[in-house]
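Scroll down for the structure; my scribbles are underneath it.
The values are calculated or read from the model by the stated rules, or taken from the named source; none is laboratory data. Not measured: the values here are computed from a predicted model. With ideal geometry, Cβ positions are generated from the backbone for all residues, glycine too; neighbour counts draw on all protein chains shown.
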Amino acid sequence: MIATQLKSLADRPWLDPDAAPQIVIEGVNKTFGAFTAVDNVQLRIFKGEMFALVGASGCGKTTLLRMLAGFATPSAGRILIDGVDMTTVPPHERPVNMMFQSYALFPHMTVAENVGYGLRRLPLEPAVKLQRVQEALDMVQLGALGKRKPHQLSGGQRQRVALARALIRRPKVLLLDEPLSALDKKLREQTQFELMNIQYQVGITFVFVTHDQDEAMALSTRIAVMNRGQVVQVGTPSEIYEFPQSRFVADFVGTTNLFEGSVRDVQPGLITVHGAETACDLVVDDVGRFGVGQRVWLAVRPEKIRLSKEPVAAPRVNQLKGTVWELGYLGNRSTYRIKTGTGKIVTVFAQNDRRTSEWTIDWSDEVYLSWEANAAILLQQ
């Protein structure tokens, strides 16, 4: 038990009160005239993390990344790396490197020359530089392509060249701006695993910005969700998805169904909510966070709702009746949009676990939606 607990703290240093963060972002603000792009951001990022910044366009995530890189200066607050204040340190003197969304490869240089560009001014013997370039190329599985030019590579290969170039100076922190956005869906998914393996090999802290929530969920140790310049929640992918702390996070990360209502009854471990959107009571597993009469939103993910043509009679199970309004076949799953008697549209994901071309539930069918009390979460704001 003790060994397991120690391993858990080692794997999740943010849970250890004695662990020292590698990056400290302390009350950082960035204003452009009257506009506040980053608003009092406080973050602690630990060595070896794959840390994601996500949020809608204009939320401040790229501005925050640029301040970490030194390309922008905070209007207030401090940024520390390994205890050293980097707030006013120029980019070339920081122990960080940045991989840009466009990759920014030099078209007239070979792959090896691109990768070794950052070593030009280091006091290293030519043989050592060549060895480090080859090691970097081997790390990204491009060891045999050093003599090619960037235009002779695929999009995925160019992405790996940019990654090798960013890592060759062995920075303490690597910053990535939408690192996989230029790749097609299948290659992006494949490259995610390659990026995770490389990060594990080099042991460097990665901080990346992405608009792709699936990418953030797949890659990161923790995610910071930003909205209007502020960090509204920080947590592991499962914490962010399963336990959002606000309606914004629940609605922004993945897909969710939100039902507005008020608390009708509070029992040990069980809260009853009633609202006009459902015209019935819904029950939620919860412990002592809400009182009778309080306005709340019940959030339930589409994959946690079951569809059936017959009513379900079971304790602690919520049930609504509706009609299939829209549906879409996505191969591995189907998406249903059900219109209930009050006009509320509820989204349901159903796994396609059998090979068939027939719909068991089709357009205009009357159906019952059900989910257990522990499948939903209550939110106050």
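Worth pointing out:
- Taking residues in the range 89-101 that are on the phi < 0 side of the Ramachandran plot and polar (S, T, N, Q), and partners anywhere that are modelled with pLDDT under 90 and assigned to a helix (DSSP H, G or I), the pairs with Cβ atoms closer than 7 Å and at least 6 places apart or on different chains are N97/A166.
- Cross-chain or 6+ apart pairs with Cβ under 6 Å, the range 210-232 first and basic (K, R), then assigned to a loop (DSSP other than H, G, I, E, B): R222/T236
- Filter result for L330 (surrounded by 12 or more Cβ atoms within 10 Å (Cβ to Cβ) and within 31 Å of the chain's Cα centre (by Cα)): no
- Within this structure, A34 passes the test of being farther than 26 Å from V253 by Cβ, surrounded by fewer than 19 Cβ atoms within 10 Å (Cβ to Cβ), small (G, A, S) and without any contact (Cβ under 8 Å) to a residue 24 or more places away in the chain.
- A residue that is among the small types (G, A, S), in the same structural domain as M109 (by TED's automatic domain parsing) and surrounded by fewer than 16 Cβ atoms within 10 Å (Cβ to Cβ) cannot be found anywhere in the range 157-179.
- Criterion violated by Q131 - all others in (1) surrounded by fewer than 14 Cβ atoms within 10 Å (Cβ to Cβ); (2) touching a strand residue (DSSP E or B) at 6+ places or on another chain (Cβ under 9 Å); (3) polar (S, T, N, Q) satisfied: (2)
- Criterion: in contact with a Pro (Cβ under 6 Å, 6 or more places away or on another chain) and assigned by TED's automatic domain parsing to the domain that holds I168 - qualifying residue of V96, V84, V38: V96
- Considering the range 96-141, the residues that are among the hydrophobic types (A, V, I, L, M, F, W, C), in a loop (DSSP other than H, G, I, E, B) and closer than 24 Å to T73 by Cβ include one that is nearest to the chain's Cα centre (by Cα), namely F100.
- Being in the same structural domain as A37 (by TED's automatic domain parsing), surrounded by fewer than 16 Cβ atoms within 10 Å (Cβ to Cβ) and at negative phi is a condition met by no residue of the range 259-278.
- When we screen E277, E260, E239 for residues that are charged (D, E, K, R) and free of Cβ contacts under 8 Å to residues at least 24 places away in the same chain, the only hit is E239.
- Residue in the range 290-301 that is at pLDDT below 90 and out of contact with any strand residue (DSSP E or B) (no Cβ under 7 Å at 6 or more places or on another chain) present: no
- Count of the range 158-194 residues which are of a type in the set (A, V, I, L, M) and at pLDDT below 85: 4
- In the range 203-221, residue farthest from R12 (Cα to Cα) [restricted to those that are crowded, with 16+ Cβ neighbours inside 10 Å and more than 14 Å from the chain's Cα centre (by Cα)]: I204
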